[in-house]
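Enquirer: Let me give you the structure first, and then I'll get to my questions.
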Amino acid sequence: MGIRGLSQLIADVAGTAVRHMEIKHLFGRKIAIDASMSIYQFLIAVRQADGGVLTNDSGQVTSHLMGMLYRTARMVENGIKPVYVFDGKPPALKGGELSKRSERRQQAEESLKTATEQGNQADMDKFSRRTVRVTAEHTAECKRLLTLMGIPYIEAPCEAEAQCAVMAAKGLVYATASEDMDSLTCGSTILLRHLTYSEARKVPIAEYSLPRVLELLELTMDEFIDLCILLGCDFCDTIRGVGPKRALEFIRKHRNIETILENLDPKRYTVPENWPYKEVRELFRSPEVTPVADIELKWSSPDEEGIVKFLVTEKGFNEERVRSVIQRLDKARSDSTQSRLDGFFKVLPRAPADKAAANKKKPSAATTTAAKKAKSLKTGAGKR
C-alpha cells in the first residue's frame, strides 16, 4: 500500500520533482525491482479470456512466469539491467496490516463464491483479482526462471522496498522500481513507478527524485519521514482528522510529531491509542537490510535449454515463443556493450582561470584611441 496520499501531495506541491519518460530513456541503468509486487501484478494482469488466472493443461498457474519472462525480456531489450529483490520476513509492526489484508481476502472469496453461484461474470472477475495471493511456490518458480535467464536477484532479510532503497541510496543501482511510495520514505534517491507495465498499459514511467521532493516540500529527511507517518503507512494508524495537506502544514510549522502532539487540539483530532510512531520512524530510518558491500550483482547469458526444459517441458509453454524470447535476450546482451555517456564523463567544477589569461594585458590608451579614430574615418567614408 505504501504511503497514503503521498503521490497526490507531491503532484500538488512538488510536481517538478516528477518527470515522465519512455522506457528507452533508462538505457544502461541498473534498477532494483520489488519482486513480490511484480509477481502480484502478473497474477492480476496476465489472465485468460474468461478472466481467470493463466494456467497450463495440468491446471498449474503460469501467470507469474509468463509475466516475469516477457516483461524482464522487454527491460533487457531496452538496455536496462534489472535486479529483483524478494521480501524476507515482515516487520513485527506490519502484523496489523497483514491481518487486515487477510480479512479483505476472505471477504473477497465469499463475494466470489456468491458471484459464481449467480453467474455474474463481471463480479467474478473483480473478486477473483482481489483473492490473489503470492505463494512460496510462485516465488520459488520466479527465482528459478530468473537464474536461467541470467538475471540476478537478492533475498532481503526483511522488506524488499527497504533493500532496494538502500541499494539506490548507496549507488549500487540507479533507482528503485516499485508502485509503493514508501520506497522514498526508506531513502531511495530515485523511485520509478509503472516501469514493469508502462508499455502494456500505454502509461509513461514516472521518475521521482527524492532530493527534489525534499527541496520543494521544504523538509529534511527526518521531517519527511514524520510526514509519511502522519499520512499513513503499513505499520501504524494515523491521527484521525489530519489529511495530507494538514499533515504537511503541521510538519512545516512544528517540524516533528512530538511537537505536533504537544500543540494538537484534542477536540478536533484523535490520536490512536498506544500510537507506535517512534518505532515506525526508526524502522524507516534504519531498516533491516543486507549491507551493499555484501552484495554482488552479475548478469549472464541465458541458459536456453534450461529455460526450454522448465517452461516448455514442465510448464507447457509454446516452445517457438519461448525460444524467440531467448533469442531476444541474447541479442540484447550483445547490443548492451554500449554504455550511457554519463558513465564515461564526469562533470567537474570549473577550474580557476589561468593567471596569464586572468591578467591578460589590457589595450593601452594609445591603441584604444587609434582604434576609435580608424572606426570614425571608416564611418565617415561610408556616409560620403
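Bear in mind that the values in this text are calculations on the coordinates, not laboratory data. None of the values given here were measured: they were computed from a predicted structure. So basically every Cβ, Gly included, is an ideal-geometry build from the backbone, and we count neighbours across all protein chains shown.
Enquirer: Return Cys186, Cys164, Cys236 ranked ascending by Cβ neighbour count within 10 Å, so the fewest neighbours appear first.
Expert: With the fewest neighbours first, Cys186, Cys164, Cys236 line up as Cys236, Cys186, Cys164.
Enquirer: Next up: Where nothing but the Cβ of Lys and Arg (+1) and of Asp and Glu (-1) is charged, how large is the charge dipole of segment 219-286 around its Cα centre, in debye to the nearest 20?
Expert: I would put it at about 320 debye.
Enquirer: With the contact rule set at Cα under 8 Å and sequence spacing of 6 or more, what percent relative contact order holds for segment 154-290?
Expert: 24
Enquirer: Can you give me the distance in nm between label points at Asn263 and Thr135, each placed 7 Å from the Cα along the Cα-to-Cβ direction?
Expert: For Asn263 paired with Thr135, the spin-label model returns 5.4 nm.
Enquirer: I would also like to ask the following. Sort 171-184, 299-312 by packing, meaning the average of other beta carbons within 10 Å per residue, with the highest value first.
Expert: Top of the packing list down: 171-184, 299-312.
Enquirer: Here's another thing I want to ask about it. Please give the contour-minus-distance gain from His25 to Thr220: 0.36 nm per residue of separation, less the Cα-Cα distance, rounded to one decimal in nm.
Expert: 67.2 nm
Enquirer: From the Cα gyration tensor of segment 219-286, with a ≥ b ≥ c the square roots of its eigenvalues, which class applies: rounded if a/c is under 1.5, or else prolate if a/b is larger than b/c, or else oblate?
Expert: Oblate, because a/c is 1.5 or more while a/b does not exceed b/c.
Enquirer: Please list 36-43, 248-255 highest first by mean number of surrounding beta-carbon atoms within 10 Å per residue.
Expert: Top to bottom by mean Cβ count within 10 Å: 36-43, 248-255.
Enquirer: Sticking with this structure for a sec: Please give, to one decimal in nm, the separation of the simple spin-label points placed at Glu155 and Thr313, each 7 Å out from Cα toward the Cβ.
Expert: Placing both labels 7 Å beyond Cα along the Cβ direction yields 2.5 nm.
Enquirer: Whole Å is fine, so just give me how far the alpha carbon centre of segment 1-20 lies from that of segment 222-247.
Expert: Segment 1-20 and segment 222-247 have Cα centres separated by 14 Å.
Enquirer: Listing Asp237, Asp222 from the residue with the fewest other Cβ atoms within 10 Å to the one with the most, what is the order?
Expert: Taking fewest neighbouring Cβ atoms as first place, the list is Asp222, Asp237.
Enquirer: Among the listed pairs Lys89/Lys245; Lys30/Lys89; Lys170/Lys278, which have their C-alpha atoms separated by more than 31 angstrom in this model?
Expert: Where the Cα-Cα span goes over 31 Å, the pairs concerned are Lys89/Lys245.
Enquirer: I would also like to ask the following. Label-point separation (nm) for Gln60 and Glu288, each offset 7 Å from Cα along Cα-to-Cβ?
Expert: Reported label-point gap for Gln60 and Glu288 is 3.2 nm.
Enquirer: Arranged by the count of other C-beta atoms within 10 angstrom, fewest first, what order do Glu22, Glu296 take?
Expert: Fewest-to-most ranking of Glu22, Glu296: Glu296, Glu22.
Enquirer: Still on this structure, please answer the following. Any idea what the relative contact order of segment 219-286 is, in percent, if you count C-alpha pairs under 8 Å spaced at least 6 apart?
Expert: Normalised by residue count, the contact order of segment 219-286 is 42 percent.
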